[in-house]
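Asker: What follows is a single structure, and I will ask about it in a moment.
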Amino acid sequence: MISAASSLQRKALLLCDLQNDFIHPKGAYARGGQTSPEIAALPKRLAPLAAAFRSGGGIVGATMFTIVPGRLGEPIISEHLKALRPFLGRGDFAPGSWGQLVVDDLRPVDFEVEKVAYSAFHMSRLEWVLRKFNIEHLIVAGIVTNGGVASTVRDAHVREFEVTVLSDGCAAFSEDVHKEAIEGLRPVARIRTVRDCLAALS
């Protein structure tokens, strides 16, 4: 757990995929009928922790799922994602778009890293950025627990980062799936709550 006496200089709060197109009522997922109250509640729950990190000198970073435009602007969407989310189309999660941005409740962030797969480390500059910030410990929150969060946490563990996962700072489209994913991460990460971390920081 983060101790009150410890410095935040080598710790980062990593917000996974908490973007407008995933969460905002006008985002791509809401337009496609894919909403979840557990996911929608995350930004306001995490905002005080992000603020505490900033005021204490810690780093707040965000991963941003991105759909890269291809020929004539048509989005490059993998076959498995097309099958899961057939409503995704041109302009959704596009680089530089409103939908790709981190939701307002969690801004500003110290860095943003685009990602094109479940893990934020896959073919991205995330590890490079973390090393440049001298980060050794990641506190991870975001969506979805069994997808982007789990893959990113496991890849962080392989790269020898210390990892804490916020059990109530993550969510999935199914509460059972969320709980199973959290249990599955116990061998590679500490499991804490947002309240635990806020209490330690205060």
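Asker: Name the residue that is nearest to T152 (Cα to Cα), counting only residues in the stretch 98-111 that are surrounded by 16 or more Cβ atoms within 10 Å (Cβ to Cβ) and in contact with a Gly (Cβ under 7 Å, 6 or more places away or on another chain).
Answerer: F111
Asker: To continue, here is another question. Find the residue count for the stretch 38-57, including only residues that are in contact with a strand residue (DSSP E or B) (Cβ under 8 Å, 6 or more places away or on another chain) and either exposed (fewer than 15 other Cβ atoms within 10 Å of the Cβ) or outside any helix (DSSP H, G or I) (or both). Walk me through how you get there before you give the answer.
Answerer: Here is the first cut: in the stretch 38-57, the residues in contact with a strand residue (DSSP E or B) (Cβ under 8 Å, 6 or more places away or on another chain) are 38-39, 41-42, 45-46, 49-50, 53-54.
With the extra rule that they be either exposed (fewer than 15 other Cβ atoms within 10 Å of the Cβ) or outside any helix (DSSP H, G or I) (or both), the set shrinks to 41.
Residues flagged as in contact with a strand residue (DSSP E or B) (Cβ under 8 Å, 6 or more places away or on another chain) and either exposed (fewer than 15 other Cβ atoms within 10 Å of the Cβ) or outside any helix (DSSP H, G or I) (or both) within the stretch 38-57 amount to 1.
Asker: Pick from V149, V165, V188, V129: which is outside any strand (DSSP E or B), within 18 Å of L42 (Cβ to Cβ) and at pLDDT 95 or above?
Answerer: Values: V165 fails: outside any strand (DSSP E or B); V188 fails: within 18 Å of L42 (Cβ to Cβ); V129 fails: within 18 Å of L42 (Cβ to Cβ).
That would be V149, the only listed residue that is outside any strand (DSSP E or B), within 18 Å of L42 (Cβ to Cβ) and at pLDDT 95 or above.
Asker: What's the number of the condition H157 fails, among (1) surrounded by fewer than 18 Cβ atoms within 10 Å (Cβ to Cβ); (2) part of a loop (DSSP other than H, G, I, E, B)?
Answerer: (2) is the only condition that H157 fails.
Listed here are the residues, each with its yes/no results for (1) surrounded by fewer than 18 Cβ atoms within 10 Å (Cβ to Cβ); (2) in contact with a Gly (Cβ under 9 Å, 6 or more places away or on another chain); (3) part of a loop (DSSP other than H, G, I, E, B).
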position	(1), (2), (3)
Q9	yes, yes, yes
T63	no, yes, no
H80	yes, no, no
A83	yes, no, no
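Asker: Is it true that some residue in the stretch 68-77 is touching a Phe, Trp or Tyr at 6+ places or on another chain (Cβ under 6 Å), modelled with pLDDT of 95 or more, over 20 Å from A150 (Cα atoms) and not charged (D, E, K, R)?
Answerer: To start, the set of residues in the stretch 68-77 that are touching a Phe, Trp or Tyr at 6+ places or on another chain (Cβ under 6 Å) comprises none.
Looking for residues that are touching a Phe, Trp or Tyr at 6+ places or on another chain (Cβ under 6 Å), modelled with pLDDT of 95 or more, over 20 Å from A150 (Cα atoms) and not charged (D, E, K, R), one finds none in the stretch 68-77, hence no.
Asker: Let me ask something else about it. Say we look at the stretch 78-93 and pick out the residues that are out of contact with any Pro (no Cβ under 7 Å at 6 or more places or on another chain) and of a type in the set (G, A, S); which of these is modelled with the highest pLDDT?
Answerer: Looking at the filtered set, the residue picked out is G91.
Asker: So how many residues does the stretch 154-186 have that are touching a residue at least 40 places away in the same chain (Cβ under 8 Å) and either more than 16 Å from A141 (Cβ to Cβ) or acidic (D, E) (or both)?
Answerer: 3
Asker: Farther than 26 Å from R154 by Cα, in contact with a Gly (Cβ under 8 Å, 6 or more places away or on another chain), in contact (Cβ under 8 Å) with a residue 24 or more places away in the chain and part of a loop (DSSP other than H, G, I, E, B): is that true of G91 in this structure?
Answerer: So G91 does not fit the description; no.
The values are calculated or read from the model by the stated rules, or taken from the named source; none is laboratory data. Treat the numbers as computed from the prediction; the structure is a model and nothing was measured. Every residue, glycine as well, gets a Cβ built from its backbone with ideal geometry; the counts of neighbours run over all protein chains shown.
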